[in-house]
Amino acid sequence: MLDGVGISWPGGSPENTGLILALIVGAYFVVLWFSAVVWTARDIHQRTVEPMAQLVFTLIVLIFNFPGLVVYRVLRPPLTLQEAEEHRLESSALMRELEQSPPCSRCGYPIAADYLACPKCTIQLRLACDQCDRVLDPDWRICPWCVAEIRIPSDDAPPPPPSAPAGTPPRDIVAQASRPQASQSASGATSVQSSRVPTFD
Ligand SMILES: [Zn+2]
Ligand SMILES: [Zn+2]
């Protein structure tokens with residue numbers, strides 16, 4: 001029937017065509033399998049130097065293939081050796097920074113250059129910029145990042161002078177005016193009393 005349109009079965013018969021298809025699909029999966037094993041072998045070598053772990057993880061992917069690959073992704077060491085080394089360098093750099101900057105003046109605890117206060121005894125050591133929140137050097141007069149002026153809060157600033165509340169004397173007059181019987185004997189109440197005289201009519 002297919003001969004009528006000029007197409008014949010590849011391989012000469014439907015059985016052979018199926019065989020060829022099976023070979024292609026099989027080769028495809030073999031390539032995928034092989035790639036997964038090679039990828040796992042490379043990846044585990046970047047993550048551990050232990051030969052036993054390298055062998056076991058590679059065998060898991062070799063035997064179980066894609067399910068094994070999922071298991072490997074879950075169980076593998078989270079960091080590569082290079083990433084672990086970078087983390088180690090970062091933390092050692094932080095430790096060196098801690099050792100270089102002067103310790104807390106009160107308790108001697110190591111203080112990093114960007115600490116505002118001692119984490120142990122809670123004493124405040126440095127100021128942060130009001131505008132951009134960066135740590136300021138005690139010698140600076142303006143913030144080098146946002147050019148804001150640095151206000152030094154002083155502990156011995158005098159308290160604001162107590163100002164007499166305005167409006168108190170008028171309130172006294174009003175109070176006296178509302179109590180005419182008490183203000184009759186008072187000398188300062190004459191004006192109030194005289195203003196009340198016409199009400200006796
Ligand atoms: Zn301290
Ligand atoms: Zn600033």
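With a ≥ b ≥ c the root eigenvalues of the C-alpha gyration tensor of the stretch 11-150, is it rounded (a/c under 1.5), prolate (a/b larger than b/c) or oblate?
It comes out prolate by the Cα gyration axes.
Counting only Cα atoms, I'd like the Rg/Rh figure for the stretch 9-78, Kirkwood definition for Rh.
Result: Rg/Rh = 1.24.
For the stretch 20-164, with all protein chains present and a 1.4 Å probe, just round the carbon and sulfur fraction of the accessible area to a whole percent. Please report the intermediate quantities before stating the final value.
Numbers: 6970 of 11040 Å².
So the carbon and sulfur contribution to the accessible surface is 63 percent.
Residues of the stretch 84-136: accessible area per residue at 1.4 Å, in Å²? Write out the running numbers ahead of the final one.
Values: 3800 Å² over 53 residues.
On a per-residue basis, the stretch 84-136 sits at 72 Å².
Calculate the spin-label point distance for CYS132 paired with ILE20, positioning each point 7 Å from the Cα along the beta-carbon direction, and give it in nanometres.
Placing both labels 7 Å beyond Cα along the Cβ direction yields 7.0 nm.
Residue by residue, what Karplus-based ³J(HN,Hα) values in Hz, rounded to whole numbers, does the stretch 56-63 have, using 6.51, -1.76 and 1.60 with θ = phi - 60° and x for Gly and Pro?
Running phi through 6.51 cos²θ - 1.76 cosθ + 1.60 with θ = phi - 60° gives 5, 5, 5, 5, 4, 6, 5, 7 Hz.
For the stretch 95-108, what does the Karplus curve 6.51 cos²θ - 1.76 cosθ + 1.60, with θ = phi - 60°, yield as ³J(HN,Hα) per residue in whole Hz, taken in order and with x for Gly and Pro?
Karplus values, whole Hz, x for Gly and Pro: 5, 5, 4, 5, 6, 6, 6, x, x, 4, 6, 8, 10, x.
With just the Cα atoms of the stretch 84-136, tell me how far they stretch along each of the three principal axes, in Å, largest first.
36, 29, 15
The values are calculated or read from the model by the stated rules, or taken from the named source; none is laboratory data. Note that the structure is a prediction, hence the values are computed from the model and not measured. Because the Cβ atoms are built from the backbone with ideal geometry, glycine has one as well, and the counts that use them run over all protein chains shown. Heads up: the accessible areas ignore ligands, DNA and RNA and are worked out on the full protein's heavy atoms, side chains in. Shrake-Rupley method; radii C 1.70, N 1.55, O 1.52, S 1.80 Å.
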